1. Search the range A:43-61 for residues being of a type in the set (Gly, Ala, Ser) and near DNA strand C (Cβ under 8 Å from one of its atoms), and hand back the single one that is farthest from the chain's Cα centre (by Cα).
2. Just wondering, is there one or more residues in the range B:8-21 that are more than 9 Å from chain A (Cβ to nearest Cβ) and at pLDDT below 95?
3. Contact list please: Cβ distance under 8 Å, first residue in the range B:62-82 and modelled with pLDDT of 95 or more, second residue within 16 Å of DNA strand D (Cβ to nearest atom) and of a type in the set (Asp, Glu), pairs at least six apart or on different chains.
4. For the range B:24-35, does any single residue satisfy the condition of being within 12 Å of chain A (Cβ to nearest Cβ) and surrounded by fewer than 17 Cβ atoms within 10 Å (Cβ to Cβ)?
5. Starting from residues that are hydrophobic (A, V, I, L, M, F, W, C) and touching a Phe, Trp or Tyr at 6+ places or on another chain (Cβ under 8 Å), keep the ones in the range A:22-49 and report whichever is nearest to A:LEU10 (Cα to Cα).
6. Applying the selection to the range B:7-18, what residues are within 11 Å of DNA strand D (Cβ to nearest atom) and part of a helix (DSSP H, G or I)?
7. Just the residues that are more than 8 Å from DNA strand D (Cβ to nearest atom) and within 14 Å of another protein chain (Cβ to nearest Cβ), please, taken from the range A:36-69.
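The values are calculated or read from the model by the stated rules, or taken from the named source; none is laboratory data. All of these numbers come straight from a predicted model, not from anything done at the bench. All Cβ positions, even for glycine, are placed from backbone atoms using ideal geometry, and neighbour counts span all protein chains on display.
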2 protein chains.
Amino acid sequence: MSEPEIFKVLSDPTRRAILERLAGGEATATDLREGFAITQPAMSQHLAVLRGAGLVSERREGRYAHYSVNAEGFAPLHAWLARYRAFWPSRIDNLKDLLREMDQ
Amino acid sequence: MSEPEIFKVLSDPTRRAILERLAGGEATATDLREGFAITQPAMSQHLAVLRGAGLVSERREGRYAHYSVNAEGFAPLHAWLARYRAFWPSRIDNLKDLLREMDQ
DNA sequence: TCAACACATAAGCATAGACTTATGAGTCGA
DNA sequence: TCGACTCATAAGTCTATGCTTATGTGTTGA
């Protein structure tokens with residue numbers, strides 16, 4: 001979604017932790033609660049926010065909601081950071097390093 | 001500075017606007033107030049937060065404080081976003097596009 | 001059909017943080 | 001030296017938001 005929104009969404013540590021968890025693969029809302037000292041509504045609300053920002057997608061299967069990272073959602077953040085490309089550390093500025101990093 | 005901190009710092013639209021302004025070149029705190037409907041202490045507080053996060057540096061010259069974007073400060077954000085590299089839009093995934101974009 | 005489940009929504013509370021005015025600390029020029 | 005300035009800090013207010021409990025909606029299986 002919009003750039004102003006995405007920063008607010010990512011400013012919450014719980015939501016960032018959820019994203020990292022989802023980066024490891026799809027998970028249901030209940031799966032996600034594991035490891036978080038959080039109630040079910042709180043998790044549901046966080047997922048709604050992430051969904052609203054387009055950072056995750058929901059795949060409904062019966063009574064289960066499977067969440068996963070949504071690729072395009074990170075584009076605004078990437079675009080914003082690109083504005084400060086000129087200010088990136090020289091480590092990153094070096095093209096070879098960047099390519100090596102892109103290859104994992 | 002730390003990754004949790006940087007997202008909170010960037011979640012404020014005024015601070016992002018300050019950064020964009022500074023990306024255009026060094027400026028004093030008073031210079032920066034121009035265009036912002038904000039009091040002097042508010043600006044000073046925002047600059048203190050940006051300074052604390054290592055996103056800007058301060059160059060003191062008499063009673064003037066000259067602020068500028070600090071390169072290394074964006075590294076944590078870049079590192080965080082890199083974790084989601086696998087989820088970047090295919091537009092960016094394409095190496096040629098990325099290189100073209102890097103060349104401006 | 002109905003109890004147990006998975007998830008979403010409503011409503012209220014409590015804290016974080018962005019703002020304000022007031023003031024302090026240091027620097028400059030007349 | 002002293003008033004005007006640039007900026008920082010203090011203290012208090014107000015709003016946004018992340019949390020809770022309570023409840024609603026839809027799905028599953030016995």
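1. Across the range A:43-61, the extreme among qualifying residues is A:SER44.
2. No, the range B:8-21 contains no residue that is more than 9 Å from chain A (Cβ to nearest Cβ) and at pLDDT below 95.
3. Short answer, once both residue conditions are applied: B:ALA65/B:GLU58; B:HIS66/B:GLU26; B:HIS66/B:GLU58; B:TYR67/B:GLU26; B:TYR67/B:GLU58; B:SER68/B:GLU26.
4. Checked the range B:24-35: at least one residue is within 12 Å of chain A (Cβ to nearest Cβ) and surrounded by fewer than 17 Cβ atoms within 10 Å (Cβ to Cβ).
5. Step by step, filter the range A:22-49, then rank; the result is A:LEU47.
6. B:PHE7, B:LYS8, B:PRO13
7. A:LEU50, A:ALA53, A:GLY54, A:LEU55, A:VAL56, A:SER57, A:TYR67, A:SER68, A:VAL69
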